[in-house]
Amino acid sequence: METDKARRGAPTDDTALRVREVIAAAGVSQREFARRVVMDPSKLSRSLNGTRRFTAAELARIADEGRVDVGRLLGTRPRGAAGPPAAPVEGGRAAQIVRETVRLIAEHGLHAVRVADIARACATSTAAIHYHFPSRADLLEAAVRRCMDEDTAHRAARLAETDDAAAQLRQLIELRTPRTAQQRRRWAVRLDLWAEAVRHTAVGRLHTEYDRQWRQTVADVVRTGVARGVFRADADPGAAALTLTALIDGLATQVLASPPGDGGAAAMHAALTAHVRTTLLA
């Protein structure tokens, strides 16, 4: 007989087990699955371990990513029942919503984007947006988290291409130089997030943590280079990371304030590589 909790559509004690099945079927790590459903990996871990309950929106995104019915996750739909048809958009509806949110923020600014604008861009209703992200704040946080995850993945992939510290530092500089339209969009979002960081908002704190991780990556590369004799023996990894990051941020802001294609990005890249050559290289 169906329990009151199941009839109300709330997660049952077996919900975590069903979510684990969906993750296993996806064939990816738990962290990667969290990235796909724009969920904090620590929250996913706690929910799977039973110390935190999944929210309805989180289950909606998990169901969307796993191509299963939400009722199956809740235990209110028989296992053999047919699920919904495959989502007609790349990566599922939740991923589309986040992609369009990032694009609109880059084009119009963080505070100018409304849920109605996002719904229009996704050719859906505001109700569908709120089904996956109950509030605008939830959606903005998901958009910022997606940007962070993608940037972190690109950074790791570039660093894995070589074990030479000087080459790795050049790769990091290349990633932060706004040459392409996509890089300029990411920088436009980042500029908005700096203002949020100053105000200590939720998305601002996410950006602050992301910046800390970036500087740590740079410091680790410098530290490795010093140990291998590639960089000067007296180089301070933390100070070098802070200085290089400040130069990147300041120069990128000037490039973004100028029209694309005026040579600003190339000048920025040249200035950064010259800085590394004169202050770090052994």
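The values are calculated or read from the model by the stated rules, or taken from the named source; none is laboratory data. Model, not experiment: these values are computed from the prediction. Counting neighbours? That spans all protein chains shown, and the Cβs are built from the backbone with ideal geometry, glycine included. Areas reflect the complete protein model, heavy atoms only, side chains present, ligands, DNA and RNA absent. Shrake-Rupley method; radii C 1.70, N 1.55, O 1.52, S 1.80 Å.
Has the range 194-210 got any residue that is more than 15 Å from LEU172 (Cβ to Cβ), touching a Ser or Thr at 6+ places or on another chain (Cβ under 9 Å) and exposed (fewer than 12 other Cβ atoms within 10 Å of the Cβ)? Yes. Only one entry of THR224, THR245 meets the criterion of being farther than 23 Å from ALA195 by Cα and of a type in the set (S, T, N, Q), and that entry is THR224. Here is the figure for the range 127-148: residues that are open to solvent by 60 Å² or more (accessible area, probe 1.4 Å) and either over 20 Å from the mean Cα position of the chain (by Cα) or of a type outside the set (A, V, I, L, M, F, W, C) (or both) total 6.
Is it the case, given these coordinates, that ARG53 is open to solvent by 30 Å² or more (accessible area, probe 1.4 Å), at pLDDT 65 or above and more than 24 Å from MET148 (Cα to Cα)?
Yes.
Only one entry of ALA265, ALA240, ALA271 meets the criterion of being modelled with pLDDT of 95 or more, assigned to a helix (DSSP H, G or I), small (Gly, Ala, Ser) and open to solvent by less than 40 Å² (accessible area, probe 1.4 Å), and that entry is ALA240.
Out of ARG120, ARG185, one residue alone is within 18 Å of the chain's Cα centre (by Cα), open to solvent by 40 Å² or more (accessible area, probe 1.4 Å) and over 20 Å from ALA241 (Cβ atoms). It is ARG185. On the basis of being surrounded by 15 or more Cβ atoms within 10 Å (Cβ to Cβ), within 26 Å of the chain's Cα centre (by Cα) and in contact (Cβ under 8 Å) with a residue 40 or more places away in the chain, does VAL230 make the cut? Here the answer is no, as VAL230 does not meet what is asked. Do the conditions hold for GLN171, that is, is it of a type outside the set (Phe, Trp, Tyr), surrounded by fewer than 16 Cβ atoms within 10 Å (Cβ to Cβ) and assigned to a helix (DSSP H, G or I)? The answer is no for GLN171.
The single residue among ALA119, ALA127, ALA123 that is out of contact with any Pro (no Cβ under 9 Å at 6 or more places or on another chain), hydrophobic (A, V, I, L, M, F, W, C) and not in a helix (DSSP H, G or I) turns out to be ALA123.
Looking at ALA197, ALA153, ALA188, ALA166, which is the one that is small (Gly, Ala, Ser), within 20 Å of ALA265 (Cα to Cα) and in a helix (DSSP H, G or I)?
ALA188
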